[in-house]
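Contents: one structure, followed by commentary.
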Amino acid sequence: MSRRTDMRWFAEKMTLVLSEKYPPEKVHTVVCITKFPGCIYNEPYAKVLKKYDHVFAHVTITGLGGSPLEPNVPGWRDATEKLPELVAFLGSPERIRLRVDPLVAIKKNGKLISNIPIAEQIIEQAAKIGIRSFTTSFMEEYPRVKRRLAGHGYEIITLSQEQRIKVIKRLVQVTQKRGGVLYTCAVPGFAKSKCIDGALLQELHPWKELCNREKASGQRELCGCTKSIDIGWYNMRCQSGCLYCYAGEV
């Protein structure tokens, strides 16, 4: 729930689908994907998710929340303040992967706007409560993204591969210093990783229940995700309003 929209905006529909089509006895792990960590442990999700043996969360905090680039998303400090309660709900910080994703570099009226410097602070704050798994990537310059940003007066700053390597190396250092691991999500020139990782979910499962490890089909070449069922679709229009989102309207 869900790589195609944010679960925050469709609680009534998603809890109904989850309960009716994918009841606890049929589900190994529910993976929650959201920019709103509080929605996982608050109603109506909490009551439903408590019925499942294993819940894992991908929480995205880019540092751009509340800005014109993410107008309906909470600021990064507000989001990180909710992480301790999410850890308590899930039972372990190991069941959270914090996504500082994507990294953005753009200009407007000659002024640089980037969340790359803030990424370090976000990682540091999450690490303080025991989160050790992180993911990042760079904003993709899809045509619809370029048109949308241009329509709002933004100019994309294209980072060279050398610049990207420098950024990732720095964030890896910050993460490793705090005992964590930084993954890149389908970034050319970097190692393949798995956001949906069957082996990891099996290891974290309370009873180590076997999990399907077959590779998902239809994903990008550098995506190593395990096969899963996604609750949510692109026509469920996310209301977060992120201007760089490749799934949103132009």
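Any residue at all in segment 216-226 that's out of contact with any helix residue (DSSP H, G or I) (no Cβ under 8 Å at 6 or more places or on another chain), hydroxyl-bearing (Ser, Thr, Tyr) and without any contact (Cβ under 8 Å) to a residue 40 or more places away in the chain? First the steps, then the outcome.
First, pick out the residues of segment 216-226 that are out of contact with any helix residue (DSSP H, G or I) (no Cβ under 8 Å at 6 or more places or on another chain): 216-225.
Within this subset, residues satisfying the condition of being hydroxyl-bearing (Ser, Thr, Tyr) are 217.
Next cut, without any contact (Cβ under 8 Å) to a residue 40 or more places away in the chain only: 217.
Yes, segment 216-226 contains a residue that is out of contact with any helix residue (DSSP H, G or I) (no Cβ under 8 Å at 6 or more places or on another chain), hydroxyl-bearing (Ser, Thr, Tyr) and without any contact (Cβ under 8 Å) to a residue 40 or more places away in the chain.
Looking at segment 151-191, which of the residues that are charged (D, E, K, R) and without any contact (Cβ under 8 Å) to a residue 24 or more places away in the chain is nearest to Pro93 (Cα to Cα)?
We begin by selecting, within segment 151-191, every residue charged (D, E, K, R); these are 155, 162, 164, 166, 169-170, 177-178.
The next check asks that each one be without any contact (Cβ under 8 Å) to a residue 24 or more places away in the chain; those that pass are 162, 166, 169, 177.
Working: Glu162: 33, Lys166: 28, Lys169: 24, Lys177: 17 Å.
Filtering first and then ranking leaves Lys177.
Of these, Ile131, Ile113, Ile106, Ile122, which one is over 23 Å from Arg220 (Cα atoms), touching a strand residue (DSSP E or B) at 6+ places or on another chain (Cβ under 9 Å), hydrophobic (A, V, I, L, M, F, W, C) and open to solvent by 40 Å² or more (accessible area, probe 1.4 Å)?
Details: Ile131 fails: open to solvent by 40 Å² or more (accessible area, probe 1.4 Å); Ile106 fails: open to solvent by 40 Å² or more (accessible area, probe 1.4 Å); Ile122 fails: open to solvent by 40 Å² or more (accessible area, probe 1.4 Å).
Only one candidate qualifies: Ile113.
Taking the options Ala57, Ala11, Ala79, name whichever one is in a helix (DSSP H, G or I) and in contact (Cβ under 8 Å) with a residue 40 or more places away in the chain. Explain how you work it out, then say what you get.
Numbers: Ala57 fails: in a helix (DSSP H, G or I); Ala11 fails: in contact (Cβ under 8 Å) with a residue 40 or more places away in the chain.
Of Ala57, Ala11, Ala79, the one residue that is in a helix (DSSP H, G or I) and in contact (Cβ under 8 Å) with a residue 40 or more places away in the chain is Ala79.
Tell me, which residue of segment 48-93 that is of a type in the set (Lys, Arg) and over 23 Å from Ser19 (Cβ atoms) is most open to solvent (accessible area, probe 1.4 Å)?
Checked segment 48-93; the qualifying residue most open to solvent (accessible area, probe 1.4 Å) is Arg77.
The values are calculated or read from the model by the stated rules, or taken from the named source; none is laboratory data. All of these numbers come straight from a predicted model, not from anything done at the bench. Every residue, glycine among them, receives a Cβ derived from its backbone with ideal geometry; neighbour counts consider all protein chains shown. Side chains are part of the model used for accessible areas, which takes the heavy atoms of the whole protein and leaves out ligands, DNA and RNA. Shrake-Rupley method; radii C 1.70, N 1.55, O 1.52, S 1.80 Å.
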